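Asks: Right, I'll just put the structure down here and ask away after.
Read-outs: derived from the displayed coordinates by stated rules, not from any lab. Model, not experiment: these values are computed from the prediction. Backbone-built Cβ (ideal geometry, glycine too); neighbour counts: all protein chains shown.
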Amino acid sequence: MKSLKHIFLIVFIIYSNNFFSSEEDKSFQEQSMLSVLFVQTSAEFAANNIQTYANASKALDIALNDKSWSAALEQIDDFQDKQPAIIIDVDETVLDNSNFQSRTILSGLSYPNGWKEWVNEAKAGEVAGVRDFLYLAEEKGVAIYYLTNRLESLREGTIKNLINLGLPFDKNKNMLLMRKEENSRDKTERRKHIANKNRILLVIGDQLTDFISTDEAYIYHKERKKLAEKYSEMWGTKWFLITNPTYGRWELSIYEDFPESEEEAIEIRKDTLVP
Ligand SMILES: [Mg+2]
């Protein structure tokens, strides 16, 4: 059997080359329609995010008052008196890109088609609940680090979007850490970098890799699911997860053997269903 890393790499390349997408046949992209509608129209999704950020706000106080507290696995020692900070992902954690997801369904063309243009429009909305949480953190003197896998080339559009929304952002501070190269998706080193100068109070994201390394998270779904349990003491205390049903590494973890066509991908999806 091919190694999973190899498979993921190939799947990634397939997706990058937009192998599955076409303007004529939109059926593959249309498979994500209900998840995008859930994000865009349901009160349940908004309520869930408000709930998550309300709980994160409560945890902020506890974390601030306990100097032995750190939420980063990368933070090892001598952090008690460092500047308190939070690490927060951007896409689907702060910014809501469901308009872009809608475009992929309507056009039949998937990411990365149109992504750069969408980012530079700087029109993404905000995830429900995030504004109050970020302002609370700022008010309490907690440093905010936006840690994203958007590429460096998208820095300007990303900052513009955050500022357009009126979310906390200071151009004079190093608040936005981006992805340097196409294949440097692992956030571990960047978390370590932030933890060198700060005590990390909370980590917030929508992907497992916002909290742990890609090595640990890029595995087949049956093993991957056990990671939720492994870190059960972190969820809801130090780590807060925004649900993202529309895309993410969870989907690639379904494919033990990489699909060579969209038909095969749909077959694997069906085979993975447990009736
Ligand atoms: Mg994200």
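Asks: In percent, how large is the relative contact order of region 96-247, given Cα pairs closer than 8 Å and 6 or more residues apart?
Replies: Relative contact order, region 96-247: 19 percent.
Asks: Give the separation of the Cα centroids, region 172-236 to region 237-275, in Å.
Replies: Comparing the Cα centres of region 172-236 and region 237-275, I get a distance of 19 Å.
Asks: Let me ask you something else. Hey, what number do you get for the chain at 222 nm if only DSSP H runs of n ≥ 4 count, each worth -39500 (n - 2.57), divided across all residues, to the nearest 500?
Replies: The helix-only estimate for the chain comes to -12500 deg cm²/dmol at 222 nm.
Asks: Sticking with this structure for a sec: Quick one: work out the % antiparallel among DSSP beta bridges in region 4-272, nearest 5.
Replies: Details: 2 of 20 bridges.
Antiparallel bridges: around 10 percent, rounded to the nearest 5.
Asks: Another one. Only four residue types carry charge here, +1 at the Cβ of Lys and Arg and -1 at the Cβ of Asp and Glu. Report the dipole size of region 4-272 about the Cα centre in Debye, rounded to the nearest 20.
Replies: 1000
Asks: Among the aspartates and glutamates, which fall within straight-line cross-link reach of Lys230, defined as a Cα-Cα distance under 16 Å, with same-chain neighbours fewer than 8 residues apart omitted?
Replies: Asp210, Asp215, Glu216
Asks: So if we plug the beta-carbon distance of Trp235 and Glu23 into 1/(1 + (r/R0)^6) with R0 = 41 Å, what FRET efficiency do we get, rounded to 0.05?
Replies: Computed FRET efficiency for Trp235 and Glu23 comes out at 0.50.
Asks: Could you give the length gained by full extension between Ser153 and Ala43, i.e. 0.36 nm per residue of separation minus their alpha carbon distance, to one decimal place?
Replies: 36.1 nm
Asks: Same structure, new question: Label-point separation (nm) for Lys58 and Lys140, each offset 7 Å from Cα along Cα-to-Cβ?
Replies: About 1.3 nm separates the two model spin labels.
Asks: Considering all projection directions equally, how large on average is the shadow of the alpha-carbon convex hull of the chain, in square nanometres?
Replies: So the mean shadow area of the Cα hull is 14.7 nm².
Asks: Would you please give the FRET efficiency between Glu223 and Arg185, computed as 1/(1 + (r/R0)^6) with r the Cβ-Cβ distance and R0 = 25 Å, to the nearest 0.05? Write out the running numbers ahead of the final one.
Replies: Details: r = 19 Å, r/R0 = 0.77.
That gives a FRET efficiency of 0.85.
Asks: Tell me, what ³J(HN,Hα) does each residue in region 238-255 have, in order and in whole Hz, if you take phi through Karplus 6.51 cos²θ - 1.76 cosθ + 1.60 with θ = phi - 60° and put x for Gly and Pro?
Replies: So the J values, rounded to whole Hz, are 10, 10, 10, 10, 8, 5, 10, x, 8, 6, x, 4, 3, 5, 5, 5, 5, 8.
Asks: Another one. Taking θ as phi - 60°, what are the ³J(HN,Hα) couplings along region 69-78 by the Karplus curve (6.51, -1.76, 1.60), each to the nearest whole Hz, with x for Gly and Pro?
Replies: Per-residue couplings from phi come out as 8, 9, 9, 9, 4, 7, 8, 9, 8, 6 Hz.
Asks: Which lysines, on any chain, are close to Lys180 with Cα under 24 Å apart, when same-chain ones fewer than 8 places away are left out?
Replies: Of all the lysines, those that pass the test against Lys180 - Cα under 24 Å, at least 8 places apart if same chain - are Lys5, Lys116, Lys123, Lys160, Lys171, Lys192, Lys197.
Asks: While we're looking at this one, here's another question. How far is it, in nm, from the label point at Glu260 to the one at Asp132 when both lie 7 Å from their Cα along the line to the Cβ?
Replies: For Glu260 paired with Asp132, the spin-label model returns 5.4 nm.
Asks: Compute the relative contact order of the chain as a whole-number percentage, counting only Cα pairs closer than 8 Å that sit 6 or more residues apart in sequence.
Replies: This gives 28 percent for the chain.
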